Structures are given as structure tokens and as C-alpha cells.
1. Show me B:148-156, B:168-176 ranked by packing, highest mean number of other Cβ atoms within 10 Å first.
2. At a Cα cut-off below 13 Å, give the aspartates and glutamates reachable from residue B:135, other chains included and same-chain residues fewer than 8 away excluded.
3. So what is the relative contact order of the stretch B:3-118, in percent, for Cα pairs below 8 Å that sit 6 or more residues apart?
4. Looking only at other chains, what is the average number of their beta-carbon atoms within 10 angstrom of each beta-carbon in B:100-111?
5. Listed highest first by mean packing, meaning other Cβ atoms within 10 Å per residue, what order do A:68-79, B:81-92 come in?
6. Is there a pair in B:40/B:143; A:53/A:95; B:14/B:40; A:80/B:10; A:106/B:61 whose C-alpha atoms are over 21 Å apart, and which pairs would that be?
7. Please compute the average number of Cβ atoms from other chains found within 10 Å of each residue's Cβ in peptide A:113-122.
8. Once the Cα atoms of the protein assembly as shown are picked out, what are the Rg and Dmax in Å?
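Computed from the coordinates by the stated procedures, all read-outs in this text should not be read as laboratory data. The structure displayed is predicted, hence computed values, not measured ones. Note: ideal-geometry Cβ built from the backbone for every residue, glycine included; neighbour counts use all protein chains shown.
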Amino acid sequence: MACYFDEHDCEPLGEGQQPNHLLHLARLLIDSGVAAQDTEMDFESLFPGADGKPPPASKNVVENLPVIRITEGQVARNVKCPVCLGEYREGERAKELPCKHNFHPKCILPWLKKTNSCPLCRHELPTDDEQYEEFKKQKARAKQREQDIETLHSSMYG
Amino acid sequence: MANIAVQRIKREFKEVVKSEEVAECHIQVELVNDSFTELKGQIAGPPDTPYEGATFNLEIKIPETYPFNPPKVKFLTAIWHPNISSVTGAICLDILKDQWAAAMTLRTVLLSLQALLAAAEPDDPQDAVVAKQYKENHPIFLKTARHWANIYAGGTIREDDYDNRVIQLKNMGFDPHKARVALSTHNWNVERAMEHILNY
């Protein structure tokens, strides 16, 4: 049997930790559709801080970004760092994001201190901001719910 | 200005100057001063829009922190568009605010502005008066935008009845630009436009 906490996608409270009642209430309202249908209320207005504006990338993730060496082939193809638009030199180090886009460390690090996405394709890195991560999960859940309803409809009338 | 910003602008400048869009006279960038902090942009009004045939000048200011922060851009040429202030030229476009990404360039900004002229977002307006007209009186919006493009930006299509109403108010001693703003605001009703000018 699946563990209670896995099934509900949450973790047990730590010693002395209080449950976030407001968060649970918000989730309940949104998941039940009450918020969307009957009021103007949505996640953003319940959490003024979580306006969907992305926070910096997680420090830990940024520190552990893989470093690659620029190859002869890349230099021959005049590959540039998309931030400074300078051409790479052979053997130069570049930081690679999970989307495989690479940048000079001095170009990408200031950007990831400001926001959490690839400057080229907007692929999102994890953040250290719990509210934002919750907001992202919420958006994913809403999308999943829409898909479920769509599947249900097409199975009935399709 | 920070070294990276200057270097970037120099490189971008070359890119825009060489790009196809410049060759086809759709977009253009010029330096205003030697320090690369201020530039002048130009975009052509896209085809099949009220702005077709017109040319719009833009003020582009490069912040110290560029390209980590977006350039500050506004219209110098007066324009009638829901996402651009008809008074100040301020622009409401997500990529110039929170959707900016460090890999975007002057070229992509100018092309995005051109796309904005072709596809307004009236639900996220900069100029509420224009946005209301766009949604509620679309044919009048199109004519008004064409008239402004003709008067201020070298657009070739004249709207004779609108010209005549501006002249009518001008002959009564009103400033033509103020008259045009008032008429545009009040869907070209001459009496309401006069009231508007006299009350403000």
C-alpha cells in the first residue's frame, strides 16, 4: 500500500513545525473549483508574494551545474555565449544548463541570481522559494485536472 | 557603463546592421551618443495593419545592468495603439518587463514591437481609452490608428473625414494635436470633443 504521505504528495511535519493552514485551505478551495467558479479568488491573490514572477535559481543547483570545455568543433562553428554574444575560445570553460544551452560562467551566474530560467529557452531550474515551487505545482495540477476532464468528456461523447 | 553592457551593444549593433530586416528596411538602430547608453530605433508599420507604410521612432536606453535587465524603450512617434500610451509613448510589453531574457537582443526587441503593432493585447492595455475603443468600436479604432499613422508617422492612407473634423476645431482656435486627442477619445464626436478640451 502506498504511504499516506506519498499519496498526498506531502511530507510529515518536523518537530515543532506547524501545518500551513492557509495553504491547505487555498488548495482545498482551488482543487474543488470553488475559487475559480464563485469568486475572483485564485492562488495569486491568496498569496500576494507568489505572483508567478520567478525567484532566483536554487543555490545548490547553480553550484552543481556541469562545466564543459569548448571544443575545436564549436569554435569552428563560431558558437557564441548567448548572453555576452562573444565567440568562445577553444578549451574555454562554460556552464551547461539541463536544457544543454551553455554560457560563460560570468554571464550565466548573475542571471541565475536574478531568475530561474535559461536565457535562451526559458527552461526552468528549481528554486529555493517554497511558495514559488508550490505555485508551480499548483499550475501543473490545474493542467492535469483540465486534461482529466478532457479525457472524461471525450470518453463520454467522443 | 559596465563593460559587459558596452561589449554586448557593440556586438548587437553589428548584428542589427547586418540583419536581413535592415536590408528590407523593416527595423533600424542608430547610436545617439558615444557611450552606447542611448540609441534611437526605428520600426516600419507591419503590412495589413493601420500602421502600414508608417515609420515609428523609438527611444532606447540601455541600463548599466544590460543584458541582465531589459532596455528601456518608448515610442517617440505618437501612435494610437492599446498597448502604447498615446500621451507618453510608454509601452506595455511583457518582454520589456518581467519576461525579459538575457539572450534577447535589440533586434528581437524591435521585431517584438513590430509584432505588437500587428497583434495588440487590449486586455493588458497601456492606454485604457484606446483599448476600450479597440474592443467596443473596432472600425473607429482602425480609422483612428490609420489617421494618427498618416499625420505623425508618414502613413500614406488619409482619413479625409477625420482630417476635416480636426481642421474644423483648429479653425475655432484649438490646438490641432489637442483637438485630435479629444476627437479620438470621443469617437470623433465634435461636440463631445469640444466639451472635453474646454473642461480639461
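1. The most tightly packed comes first, giving B:148-156, B:168-176.
2. Result set, ordered by chain and number: B:121, B:123, B:124, B:127.
3. 21
4. 4
5. Sorting A:68-79, B:81-92 by mean packing, highest first, produces B:81-92, A:68-79.
6. B:40/B:143; A:53/A:95; A:106/B:61, as the Cα separations exceed 21 Å there.
7. Shielding by partners across A:113-122 averages 3.
8. That works out to 25.9, 86 Å for Rg and Dmax.
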